[in-house]
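For reference, the structure is listed below as structure tokens.
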2 protein chains.
Amino acid sequence: MKPSTHVLPRYRIAVVGTGAVGGFYGAKLAYYGREVHFLIRSEEERAAVRRFGLRVKSREGNFRVAKTHVHASTDTVGPCDLVLIALKATANDALPDLLAPLLRPDTILLTLQNGLGNEEFLAERYGPERVLGGLCFVCLNKTAPGVIEHLGQGAISLGEYAGYPLPRMHDIAWEFKRCGVNARVVADLAEARWRKLVWNIPFNGLTVLATSLRPPGEPPASTADLLRDPSLSYLARRLADEVIAAARSLGLDVPSDFADLQFKRTAEMGAYLPSTVLDFAAGRPMELEAIWGEPYRRAFNAGAEVGRMETLYYLLRGLRR
Amino acid sequence: MKPSTHVLPRYRIAVVGTGAVGGFYGAKLAYYGREVHFLIRSEEERAAVRRFGLRVKSREGNFRVAKTHVHASTDTVGPCDLVLIALKATANDALPDLLAPLLRPDTILLTLQNGLGNEEFLAERYGPERVLGGLCFVCLNKTAPGVIEHLGQGAISLGEYAGYPLPRMHDIAWEFKRCGVNARVVADLAEARWRKLVWNIPFNGLTVLATSLRPPGEPPASTADLLRDPSLSYLARRLADEVIAAARSLGLDVPSDFADLQFKRTAEMGAYLPSTVLDFAAGRPMELEAIWGEPYRRAFNAGAEVGRMETLYYLLRGLRR
């Protein structure tokens, strides 16, 4: 057997938005020797990362990226081959300025953001052929500046925004795999995004509503709190089934019983706090349009019955603190 | 022209549940000389009514029923011709014991309670032919023991539970009219109940959810707060339209544009607090099943699309304090 003739691409990578997701996947790549430049806009966090490194605490083994490239602005990063976009979708307005210094004509933009509309945002400005989407199936919390707690899972599904996967997409997936990330390439990114929404729409939304009821100072409501309440648990399941029906009405292949598996896994996850709940509890903006508004509008416009999604969306919009 | 030969019935009337609604309509009847017996279970309130009378504050003119029949138990009332039932629907379990001393075989039971299921509760136990339903279109708050504030409106629609209106129903409506209450007889009680739900389901429900978000100590959210918020106002309208469609799917004659008038009137009402919000804010049980559960189940079982009603019902059920 011939040795592999595959030539490793030597990606220069920027992580725009070093939150829990950007920090975790960027740290994986950096830990395994890739050149990763982190945009960290908090001075306190830059100082912490410069002093202590970027730290990941995980039951699968803690690790630390001791020396890495930390930037206050993308101006000092310069052109890259691959940009991981992990800002909150609510901060997309800042993206054009942040991305400008990073772009060559062939720079690949991989958005790891939640929900719908982020690939479109990039495709309109930079061309659809440069845009990839990544879905992160991972439980993460940032617990301190430069410290990310990895609570479970970690897989990433990668898809082309426009059309079927190209070779460079498989290369990128392999780069993740070589760095210890369970990456896979999906043929239909829209379908993958809707499959993820089957979980995010009910669980992120209802934990926020349940949290909104609690007196200030009490801990936010977790997925376990939700599943423990028969009314909210039933509603979560009805919402999940409505999202599946919506996806199917958009022509996407999501099995009717897809929620069974999701609920089984959620019960096994324990008391997880979705990122939206943490945002809400901390007074940060929620990814309202990406997770609830845009999916609702697309399904509604396709003629699907989306009364539950509609109610949840407008309640979250109206009940924002 | 001959003088009327109509002989006034001399009703002996009991009011079971002297809250804002029972107190207001009972006070009207008593003020105009009818024999009204009030069940008042709070000792403090009985003392206040005995000392100061039952007082109604209203822009249409304050009035006071100085001497009236106040009872701690229905045992001391004895058999009546007409019983006005104005307990919260959540207290229906107490009704059989409360009603027993009041009943002759022909005693008429008029429930002024909200929502669906109350006539059925009475009809199952006492026979459908004795049961009337009354819908109160009135803004009332009980502001102190024995003091009812009348904020607006006041009409009452009366209907037979079983079949078309009988003469005794018209007699009762006339008794209300002679006592200054704008009473009318409706041919279809179910239709009238659903028309009222077009308002109660969204406005009672969403003001509760909006209130649930506010920190303890802040005033509850009013209908005006709801209408001021573009998201919640839109959602209220979508819910109202869904309730209309549900009623129509049950074969009831509610016009498709019925919500237009409701929303116009609500805007004119100002900052009204529906009774459910006051109950919720005070930690009292809400009429969850009568206003949200039973209508949702009936429409769902009839095959109507009720995703919005379903979401609201399960949220209210799950978010109860």
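The values are calculated or read from the model by the stated rules, or taken from the named source; none is laboratory data. Since this is a predicted model, take the numbers as computed values, not measurements. For neighbour counting, all protein chains shown are included, and Cβ atoms are generated from backbone atoms with ideal geometry for every residue, glycine included. Note: accessible area is taken over every heavy atom of the protein model, side chains too, but ligands, DNA and RNA are not part of it. Shrake-Rupley method; radii C 1.70, N 1.55, O 1.52, S 1.80 Å.
What are the residues in the stretch A:236-267 that are open to solvent by 70 Å² or more (accessible area, probe 1.4 Å) and among the polar types (S, T, N, Q), if any?
Within the stretch A:236-267, A:S256 is the sole residue that qualifies.
With the structure loaded, tell me whether B:G127 is small (G, A, S) and closer than 14 Å to B:A290 by Cβ or whether it fails that test. If you could, list the steps in order and put the result at the bottom.
Working: small (G, A, S): yes; closer than 14 Å to B:A290 by Cβ: no.
Taking the combined requirement at face value, the residue does not satisfy it.
Condition (residue is at pLDDT 95 or above and either over 20 Å from A:G307 (Cα atoms) or touching a His at 6+ places or on another chain (Cβ under 9 Å) (or both)) applied to the stretch B:239-252: is it met by at least one residue? Spell out the reasoning first.
The initial filter retains those residues of the stretch B:239-252 that are at pLDDT 95 or above, namely B:239-252.
Applying the additional criterion that residues be either over 20 Å from A:G307 (Cα atoms) or touching a His at 6+ places or on another chain (Cβ under 9 Å) (or both) yields B:251-252.
Looking for residues that are at pLDDT 95 or above and either over 20 Å from A:G307 (Cα atoms) or touching a His at 6+ places or on another chain (Cβ under 9 Å) (or both), one finds at least one in the stretch B:239-252, hence yes.
Do the conditions hold for B:V277, that is, is it at the interface with another protein chain (Cβ under 10 Å from one of its Cβ atoms), of a type in the set (V, I, T) and either crowded, with 20+ Cβ neighbours inside 10 Å or closer than 22 Å to B:S222 by Cβ (or both)? Spell out how you get there, then give the answer.
Details: at the interface with another protein chain (Cβ under 10 Å from one of its Cβ atoms): no; of a type in the set (V, I, T): yes; either crowded, with 20+ Cβ neighbours inside 10 Å or closer than 22 Å to B:S222 by Cβ (or both): yes.
Against the criterion (at the interface with another protein chain (Cβ under 10 Å from one of its Cβ atoms), of a type in the set (V, I, T) and either crowded, with 20+ Cβ neighbours inside 10 Å or closer than 22 Å to B:S222 by Cβ (or both)), B:V277 does not qualify.
Quick one: how many residues across the stretch A:122-158 are under 21 Å from A:I172 (Cβ atoms), of a type in the set (S, T, N, Q) and open to solvent by 30 Å² or more (accessible area, probe 1.4 Å)?
Adding up the residues that qualify gives 1.
Out of all the residues in the stretch A:185-194, is one or more without any contact (Cβ under 8 Å) to a residue 40 or more places away in the chain, over 29 Å from A:E305 (Cα atoms) and in contact with a strand residue (DSSP E or B) (Cβ under 7 Å, 6 or more places away or on another chain)?
Taking every residue of the stretch A:185-194 in turn, at least one turns out to be without any contact (Cβ under 8 Å) to a residue 40 or more places away in the chain, over 29 Å from A:E305 (Cα atoms) and in contact with a strand residue (DSSP E or B) (Cβ under 7 Å, 6 or more places away or on another chain).
Is it the case, given these coordinates, that A:P215 is at the interface with chain B (Cβ under 8 Å from one of its Cβ atoms), free of Cβ contacts under 8 Å to residues at least 12 places away in the same chain and surrounded by fewer than 24 Cβ atoms within 10 Å (Cβ to Cβ)? Reasoning before the result, please.
Details: at the interface with chain B (Cβ under 8 Å from one of its Cβ atoms): yes; free of Cβ contacts under 8 Å to residues at least 12 places away in the same chain: yes; surrounded by fewer than 24 Cβ atoms within 10 Å (Cβ to Cβ): yes.
Taking the combined requirement at face value, the residue satisfies it.
Those residues that are outside any loop (DSSP other than H, G, I, E, B) and open to solvent by 30 Å² or more (accessible area, probe 1.4 Å), I need them from the stretch A:7-27; list them, please. Give the steps one after another, and end with the answer.
Within the stretch A:7-27, the first condition is being outside any loop (DSSP other than H, G, I, E, B), and the residues that meet it are A:12-16, A:20-27.
Result: A:R12, A:V21.
Of A:V65, A:V70, A:V77, A:V131, which residue is in the same structural domain as A:E43 (by TED's automatic domain parsing), of a type outside the set (D, E) and within 21 Å of the chain's Cα centre (by Cα)?
Numbers: A:V65 fails: within 21 Å of the chain's Cα centre (by Cα); A:V70 fails: within 21 Å of the chain's Cα centre (by Cα); A:V77 fails: within 21 Å of the chain's Cα centre (by Cα).
When all the criteria are applied, what remains is A:V131.
For residues in the stretch B:182-212 being aromatic (F, W, Y) and away from chain A (no Cβ under 14 Å), which is most open to solvent (accessible area, probe 1.4 Å)? I'd like the intermediate steps shown before the answer.
Narrowing the stretch B:182-212 to residues aromatic (F, W, Y): B:194, B:199, B:203.
Those still in the list that are away from chain A (no Cβ under 14 Å) too: B:194, B:199.
Working: B:W194: 8, B:W199: 36 Å².
Here the residue is B:W199.
Does the stretch A:35-54 hold any residues that are closer than 23 Å to A:P79 by Cβ and open to solvent by 20 Å² or more (accessible area, probe 1.4 Å), and which are they?
Looking only at the stretch A:35-54, we keep the residues that are closer than 23 Å to A:P79 by Cβ, and these are A:35-41, A:46, A:49, A:54.
Answer for the stretch A:35-54, where residues must be closer than 23 Å to A:P79 by Cβ and open to solvent by 20 Å² or more (accessible area, probe 1.4 Å): A:E35, A:R41, A:R46.
Would you mind stating whether A:A271 is touching a Lys or Arg at 6+ places or on another chain (Cβ under 7 Å), away from chain B (no Cβ under 11 Å) and modelled with pLDDT of 90 or more?
Details: touching a Lys or Arg at 6+ places or on another chain (Cβ under 7 Å): no; away from chain B (no Cβ under 11 Å): yes; modelled with pLDDT of 90 or more: yes.
So A:A271 fails the test.
Looking at the stretch B:288-310, is at least one residue over 19 Å from the mean Cα position of the chain (by Cα), within 10 Å of chain A (Cβ to nearest Cβ) and open to solvent by 70 Å² or more (accessible area, probe 1.4 Å)?
Scanning the stretch B:288-310, I find at least one residue that is over 19 Å from the mean Cα position of the chain (by Cα), within 10 Å of chain A (Cβ to nearest Cβ) and open to solvent by 70 Å² or more (accessible area, probe 1.4 Å), so the answer is yes.
So which of B:S222, B:S231 ends up being open to solvent by less than 50 Å² (accessible area, probe 1.4 Å) and within 11 Å of chain A (Cβ to nearest Cβ)? Please lay out each step first, then the result.
Details: B:S222 fails: within 11 Å of chain A (Cβ to nearest Cβ).
Answer to the check: B:S231.
Could you please let me know if B:G283 is surrounded by 13 or more Cβ atoms within 10 Å (Cβ to Cβ) and either within 14 Å of chain A (Cβ to nearest Cβ) or at pLDDT below 95 (or both)?
Answer is no for this residue.
Quick check on B:A259: is it in contact (Cβ under 8 Å) with a residue 40 or more places away in the chain and more than 11 Å from chain A (Cβ to nearest Cβ)? Steps first, answer last, please.
Working: in contact (Cβ under 8 Å) with a residue 40 or more places away in the chain: yes; more than 11 Å from chain A (Cβ to nearest Cβ): yes.
It is true that B:A259 is in contact (Cβ under 8 Å) with a residue 40 or more places away in the chain and more than 11 Å from chain A (Cβ to nearest Cβ).
Could you please tell me which pairs satisfy a Cβ distance under 7 Å, a separation of 6+ or placement on different chains, a first residue in the stretch B:294-321 that is on the phi > 0 side of the Ramachandran plot and assigned by TED's automatic domain parsing to the domain that holds B:I201, and a second residue that is of a type outside the set (A, V, I, L, M, F, W, C) and part of a helix (DSSP H, G or I)?
B:G303/B:S249
Within the stretch A:71-97, which residues are open to solvent by 20 Å² or more (accessible area, probe 1.4 Å) and touching a Lys or Arg at 6+ places or on another chain (Cβ under 7 Å)?
A:A72, A:P79, A:D81, A:P96
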